[in-house]
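The values are calculated or read from the model by the stated rules, or taken from the named source; none is laboratory data. Predicted model only: the values in this text are computed from it and were never measured. All Cβ positions, even for glycine, are placed from backbone atoms using ideal geometry, and neighbour counts span all protein chains on display.
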Amino acid sequence: MRLFVSADLDPLAAAVRAVQAPFRDRPGLDPTDPEGVHVTLQFLGETDPARLDDVRSALAAAVDDAGVGPFTAEIGGYGVFPSLDDISVVWLGVRRGQAELTALHESVEARTTDLGFDPEDHAFTPHATVARMRDARPKTHVQEVVREREPDVGGIDIDEIRLTESTLTDTGPEYGTVARFPL
């Protein structure tokens, strides 16, 4: 099973679809499925299904450790990874709720690292991926959009995190919720 831990933003799918418009039908640029939009708290990767009970217990404890109750996240503004000169991912930022998402990430990472999962090798930046760039053809267009537009996607109440399975297909990843952990 290919797993990750997330705060799901699926109620914002219509708004995400709208802000993806500048990235549609561009060679070398693949918009993500707006129905699966989320903030990844930690990518666990390939996981033996026999470990699911341990992962569930760790995530329940992580939510308790984080001490984060339900909160509202405001999503908006474009960003890219790793930089505007070398774009591989286009994302939407988190304008409000960063502290809560960061606390959840740190707690999840601490508990899952104790289980032997690898910690992230970069600083945590709460974001929702909206497109992936396969080659440099759309680079100038993406740079212009990111520099000139500041979209507002809206707010969402976050009252749980999810353990999600990602199945890779020819048409992109398909997500399924394995477990939910109320805040």
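Laid out as a table, the results:
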read-out	value
Answer from Ala103, Ala110, Ala131 - the residue that is in contact with a Phe, Trp or Tyr (Cβ under 8 Å, 6 or more places away or on another chain) and either within 21 Å of Arg180 (Cα to Cα) or surrounded by 18 or more Cβ atoms within 10 Å (Cβ to Cβ) (or both)	Ala131
Options Ala103, Ala58; residue that is aliphatic (A, V, I, L, M), without any contact (Cβ under 8 Å) to a residue 40 or more places away in the chain and assigned to a helix (DSSP H, G or I)	Ala103
Single match in Val94, Val142 (criterion: crowded, with 17+ Cβ neighbours inside 10 Å, of a type in the set (A, V, I, L, M, F, W, C) and under 23 Å from Ala62 (Cβ atoms))	Val94
Hits in segment 51-90 (condition: surrounded by fewer than 22 Cβ atoms within 10 Å (Cβ to Cβ) and within 19 Å of Val153 (Cα to Cα))	Phe71, Thr72, Glu74, Gly76, Gly77, Gly79, Val80, Val89
Any pair with Cβ under 8 angstrom, 6 or more apart, that starts in segment 31-47 at a residue that is within 14 Å of Asp121 (Cα to Cα) and at pLDDT 95 or above and ends at one that is in a helix (DSSP H, G or I) and among the polar types (S, T, N, Q)	Gln42/Thr112; Leu44/Thr112
Pairs, first outside any strand (DSSP E or B) in segment 77-96, second of a type in the set (S, T, N, Q) and surrounded by 13 or more Cβ atoms within 10 Å (Cβ to Cβ), C-beta under 9 Å, six or more apart	Leu84/Gln143; Asp85/Gln143
